[in-house]
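One structure is given here, and the rest of the page talks about it.
The values are calculated or read from the model by the stated rules, or taken from the named source; none is laboratory data. Computed from a predicted structure; not experimentally measured. No Cβ is skipped: glycine too gets one built from the backbone with ideal geometry, and neighbour counts run over all protein chains shown.
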Amino acid sequence: MGKDRPRKSKDGERPKQDQKEESTKKAYVPKNKLKTEGVTELEYNRYSATSFCNFERDLKMVAGKEYGELFGYVLRGMYPPETNPKPKSVDGERERAYYDYEERIEPIELIPEPNRTQEQKDELQRLKTQQTASELYYASIRPAAKALMDLEYKETYAAERKEATAKREKLIKDKPCLYWLIRSNISETSLTKIKELAGASWEDKERAQDPVELWASLKETHTAYSTGNPHVDQQALRQSYADLKMFTGETLINFKLRVTTCLRAMEAMKMTIPNDQDQANDFITRLDNRWASLRSQLANDYLRGISSQPGTLTEAFLLASNWRVVVTAANGQTSTVFATSIQAPRGRSVTRTRTRRVRLRMARRVRRPKTLTRKDVGCVMEIILRKNAHWWLLRNREIRTRHCPLIQTPIKPSLRPMRTTKVPEPT
């Protein structure tokens, strides 16, 4: 037994050989640890358009906060042109101001004087006055003040150049970090689709680690699911856009997200997208009954010749989100609330009208009385003996025989009410 135990050194620690064996063992790291917390994994399937919208929404909260301006370039799909600050001096500013006024004065002077309007004459006089004042200002600067201003311009130019260099270096440093942040939250199916699209140039893109190119590839492949047959895919997208309708209890922002996703998929498939006016009309028409008053108001405005129809999808969304409706409380008081705050009815039984068979079944349903006590039976018998009642109130034979000895004969079922009978008094 003593031989099997691990030996210890004088200090009470394990020997170095056992420590080496333990250090060679690798800890198990689950795959989800590689994913960023709070970001939905992007998947490529028939619902890839919705998955891409959720992925973009979550990534804005994480990458937008950490990388900011760089992630904005990624969403726009291009980097801004490199602009280097230009050195300034007093003579250069004087010349720039002179030519700036000349460019604004020349178009008015080309018009013959008899054909000029009063506004053009006033504008020409104002520009010439400002140009003269600018020339007098630069001419009045003394040599010492001019040297001081030139020195200040040089310091400003050096600071701007240093800021531009630091910004460029930070952009180059953050590119690989943002690239792998996006890359680590992509599923294997999405990665396979991107590799198929890139082909032989995938290794060069992987080496470049450019997040703009990676995002462009994701946007091209995941905004619309492709089966390989463009005619079938386009027909499915047209049908899905035609069938778009607000679900029962769905929020307005979620419905707009579904509409935007479908339009983005149509754009990715190079299909003809409805114009802005048609998109706004379709969005208003497909809202649920909470916005029924909005549709009627727009129709009435059109009949009166008032152009209140929204022109774009964004305008239609803002109009619907700020629309107010009149609500009547239980005490009869009315108030105006936002249509988005009204709880939409849930369930199919509310929106679907019942058939005639269901209505007849509900009308014929008879509620059976609960089990009665001796006190309740006495009250019921008193009502029966004094007033008319239906036969089913006393169809419980046990109640009749045990608690009501005055009525021993069974009562035949009848839809007509029983006639009152006089009960002989006991002798």
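Just name the residue that is modelled with the lowest pLDDT out of those in region 268-292 that are outside any loop (DSSP other than H, G, I, E, B) and farther than 17 Å from THR312 by Cα.
Start the filter on region 268-292 by keeping residues that are outside any loop (DSSP other than H, G, I, E, B), which leaves 268, 276-285, 289-292.
Keeping just the survivors that are farther than 17 Å from THR312 by Cα gives 268, 289-292.
Values: ALA268: 77, ASN289: 86, ARG290: 86, TRP291: 88, ALA292: 87.
Among them, the one singled out is ALA268.
Scanning for something assigned to a helix (DSSP H, G or I) and under 27 Å from SER217 (Cα atoms), does region 297-313 turn up at least one residue?
Our first condition is that a residue be assigned to a helix (DSSP H, G or I); within region 297-313, this holds for 297-303, 313.
Adding the requirement that they be under 27 Å from SER217 (Cα atoms) leaves 313.
The answer is yes, given that some residue of region 297-313 is assigned to a helix (DSSP H, G or I) and under 27 Å from SER217 (Cα atoms).
Sort out which residues of region 145-164 are of a type outside the set (A, V, I, L, M) and over 54 Å from the mean Cα position of the chain (by Cα), and write them in order of number.
Initially, region 145-164 is screened for residues of a type outside the set (A, V, I, L, M), giving 146, 150, 152-157, 160-163.
Across region 145-164, the qualifying residue is only LYS146.
If we scan region 255-264, do we find a residue that is touching a Ser or Thr at 6+ places or on another chain (Cβ under 8 Å), closer than 28 Å to PHE338 by Cα and modelled with pLDDT under 85? Yes, the conditions are met somewhere in region 255-264.
Among the residues of region 159-169, those identified as farther than 14 Å from PRO80 by Cβ and surrounded by 13 or more Cβ atoms within 10 Å (Cβ to Cβ) are GLU160, ARG161. No other residue among GLU250, GLU203 is exposed (fewer than 15 other Cβ atoms within 10 Å of the Cβ) and farther than 21 Å from ALA316 by Cα apart from GLU203.
Residues that are more than 55 Å from the chain's Cα centre (by Cα), part of a helix (DSSP H, G or I) and touching a residue at least 24 places away in the same chain (Cβ under 8 Å) within region 127-144 comprise GLU135, TYR138, listed in sequence order. Based on what the data block shows, is LEU214 touching an Asp or Glu at 6+ places or on another chain (Cβ under 8 Å), on the phi < 0 side of the Ramachandran plot and in a helix (DSSP H, G or I)? No: the conditions fail for LEU214. Only one entry in TRP202, TRP180 is more than 23 Å from the chain's Cα centre (by Cα), in contact (Cβ under 8 Å) with a residue 24 or more places away in the chain and in a helix (DSSP H, G or I), namely TRP180. For region 160-170, does any single residue satisfy the condition of being closer than 17 Å to GLU95 by Cα and assigned to a helix (DSSP H, G or I)? Scanning region 160-170, I find no residue that is closer than 17 Å to GLU95 by Cα and assigned to a helix (DSSP H, G or I), so the answer is no.
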